[in-house]
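K.L.:
Below are the structure tokens for one structure; questions will follow.
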Amino acid sequence: MSSSIAGIEKARIEACLKAETARFIDRNPRSRQLGQEAKAHFPDGVPMHWMTDWGTPFPLFVAEATGARLTDVDGNAYRDFCLGDTGSMFGHSPAPIMEVLARQGGHGLTYMLPTEDVPVIGRLLAERFGLPQWQVAATATDANRFALRWARAITGRPKILVFNGCYHGTVDETFVRLRDGRVIHRPGLLGQVTDLTTGAHVVEFNDLPALEAALAEGDVACVITEPALTNIGMVLPDEGFIEGVQAACRRTGTLLLIDETHTISTGPGGWTRKHGLSPDFFVVGKAIAGGVPCAVWGFTDAIAAGMKIAREKAGPGHSGMGTTLSANALALRALRANLEQVMTDAAYDHMLAMSDRLAAGIRAVIAGNSLPWHVSAVGARAEFVCGPVPPRNGAEAAVSMHGDLEAAIHLYLMNRGFLIAPFHNMTLTCPATTAEDVDALVACIAAACGDLLAGA
Ligand SMILES: Cc1ncc(COP(=O)(O)O)c(C=O)c1O
């Protein structure tokens, strides 16, 4: 058996992991104590169980964050390249959003009724993303769930199609994977009693013939995909692949949902606008209201007409779509302010320049150390992958993930004041990220590589 992983000796990974774990424990006594105290009423001491999955011996508790900086409860300062894994992609607490919070605070936060911001938001969304019709949800998960439900109602078809390795939030229908050509449940699912494999086709990303064969069965209501996979590491589409997906959907009367919750990093109109896509549904959440929980989903006039017919057919009753907090007054205010004042062309110009600088810097570190690694990027989102060639699909991407090696790098960076997204090696740059922040992260990654390679 090989004694190295992605060019790094296993023994060095283990030694680094051990040393960095000890250092993390030393640096974070207050986080450790809060984690212990919280265990009295929260399993594992966290308000969401996946918060223990960061690879740290206990969760890091945060004191505050502004712009591209975050401070933990022990007073350690971080240059934040995780940015809430997109929720804070425009920086922590952008000034226009702070103004909204202050102003709306005294006027009620949630009414279960629309406000005067709605027509303005509709116009802003249509201008920016090109789709004429919109709805607002509380999370991208909800937006995806609702859009898929409508897709089935409109087409009368039972299934969806996803790409292997996808993630679209906690949307039941999408929790399927491909193994040896068979659709299976995503490993680890809890409480699964219905058979999700009967409701979904799964094919590999960048495999147009497989997609076409699945759609030829005529039972797919909707293909849901990110334009580049970003949740199993980063998998970029081959030239023309997404356009091919769109054409195959058109030919077979299948609807297409483009989920831009992460790829909104591409630019002000997302990947969709940059590449001239014309999906039936378009979803974006997380950062769309500057960090206030909110998501939006857009659709065509034809879909709106299909919705009307589906509602008439269904008759009175519950549509299966709801959540009373959706489109609350605060979220609408923040959404409008974010679209008008935060998510600007100028903000993106800066974010993209910083991310290009970061990607170039990491590429130079990789080359300088002759590591079999690479960097992929989608606008302000960049990732270094500990594998020699960019994966073309979810199966290949899964093989490029090396838990212990990545955990060692993450801990090394955290212990020296840098946060990147957990679970893989993804970075985001925001309008407040400086060239100095970027160069400091590159230097720290170089130092981590030096440490891991020591003695090689
Ligand atoms: C592509 C994509 N869609 C949807 C979601 C779900 O977003 P939320 O957690 O806001 O429901 C995520 C979360 O990471 C995502 O990456």
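K.L.:
Roughly what angle does helix 10-27 make with the longest principal axis of the chain, taking Cα atoms, 0 to 90 degrees, to the nearest 10?
P.N.:
90
K.L.:
Can you order the peptides 223-233, 85-95, 120-130 by their average number of other Cβ atoms within 10 Å per residue, highest first?
P.N.:
By packing density, highest mean first, the sequence is 223-233, 85-95, 120-130.
K.L.:
Counting only helical runs of four or more DSSP H residues, what would the 222 nm mean residue ellipticity of the chain come to if each run contributes -39,500 (n - 2.57) and the total is spread over all its residues?
P.N.:
-12000 deg cm²/dmol
K.L.:
Right, next: Please work out the C-alpha center-to-center distance from segment 148-182 to segment 414-456 and express it in whole Å.
P.N.:
Cα centroid to Cα centroid, the span is 35 Å.
K.L.:
Let me ask something else about it. Quick check for you: which residues of segment 130-169 have the amide N under 17 Å from the point 7 Å beyond the Cα of residue 301 toward its beta carbon?
P.N.:
Only 130-134 fall inside the zone, counting backbone N under 17 Å.
K.L.:
Next question, about the same structure. Can you bin segment 195-344 into rounded, prolate or oblate? Criterion: square roots of the alpha carbon gyration tensor eigenvalues sorted a ≥ b ≥ c, rounded for a/c under 1.5, prolate for a/b above b/c, oblate for the rest.
P.N.:
The shape class here is oblate.
K.L.:
Tell me, what HN-Hα J-couplings in whole Hz come from the Karplus equation 6.51 cos²θ - 1.76 cosθ + 1.60 at θ = phi - 60° for each residue of segment 78-83, using x for Gly and Pro?
P.N.:
10, 8, 9, 10, 8, 6
K.L.:
Write down, largest first, the equivalent ellipsoid semi-axes of segment 359-456 in whole Å, where each equals the square root of 5 times an eigenvalue of the alpha-carbon gyration tensor.
P.N.:
The three semi-axes for segment 359-456 are 19, 17, 13 Å.
K.L.:
A further question on this structure: Pairs of alpha-carbon atoms within less than 8 angstrom and 6+ residues apart define the contacts here; what relative contact order does the chain have, in percent?
P.N.:
Relative contact order here is 24 percent.
K.L.:
Quick one: accessible area per residue over the chain, 1.4 Å probe, rounded to a whole number of Å²?
P.N.:
Spelled out: the 1.4 Å probe surface of the chain, per residue, equals 42 Å².
K.L.:
Ignoring ligands, DNA and RNA, what percent of the accessible area of the chain is carbon or sulfur (1.4 Å)?
P.N.:
Summing carbon and sulfur atoms, their accessible area is 56 percent of the total for the chain.
K.L.:
Can I ask one more? What is the log10 of I(q)/I(0) for segment 95-342, computed with the Debye formula using one identical point scatterer on each Cα and no solvent, at q = 0.08 Å⁻¹?
P.N.:
Scattering profile of segment 95-342, log10 relative to I(0): -0.31.
K.L.:
I've got another one for you. Plugging the Kirkwood radius over Cα pairs into Stokes-Einstein for the chain, at a temperature of 37 °C and a viscosity of 0.692 mPa s, what D comes out in µm²/s?
P.N.:
142
K.L.:
If you project the alpha carbons of segment 343-389 onto their three principal axes, what span does each projection cover, largest first, in Å?
P.N.:
38, 16, 9
K.L.:
Here's something else I'd like to know. List the trypsin sites (Lys or Arg not before Pro) within segment 159-233 that fall in a DSSP loop (any state other than H, G, I, E or B) and whose Cβ has at most 14 other Cβ atoms within 10 Å.
P.N.:
none
K.L.:
Lysine pairs, Cα distance under 25 Å, 8 or more residues apart or cross-chain: how many in the chain?
P.N.:
5
K.L.:
Can you give me the angle between helix 95-104 and the longest principal axis of the chain, using Cα atoms only, in degrees from 0 to 90, rounded to the nearest 10?
P.N.:
Rounded to the nearest ten degrees, it is 60.
K.L.:
Using alpha carbons only, how many degrees (0 to 90, rounded to 10) separate the axis of helix 29-38 from the longest principal axis of the chain?
P.N.:
40
The values are calculated or read from the model by the stated rules, or taken from the named source; none is laboratory data. Just so you know, these numbers come straight off a predicted model, no measurement behind them. Note that each Cβ is placed from the backbone with ideal geometry, even for glycine, and that neighbours are counted across all protein chains shown. What goes into the accessible areas is simple: the full protein's heavy atoms, side chains included, and nothing from ligands, DNA or RNA. Shrake-Rupley method; radii C 1.70, N 1.55, O 1.52, S 1.80 Å.
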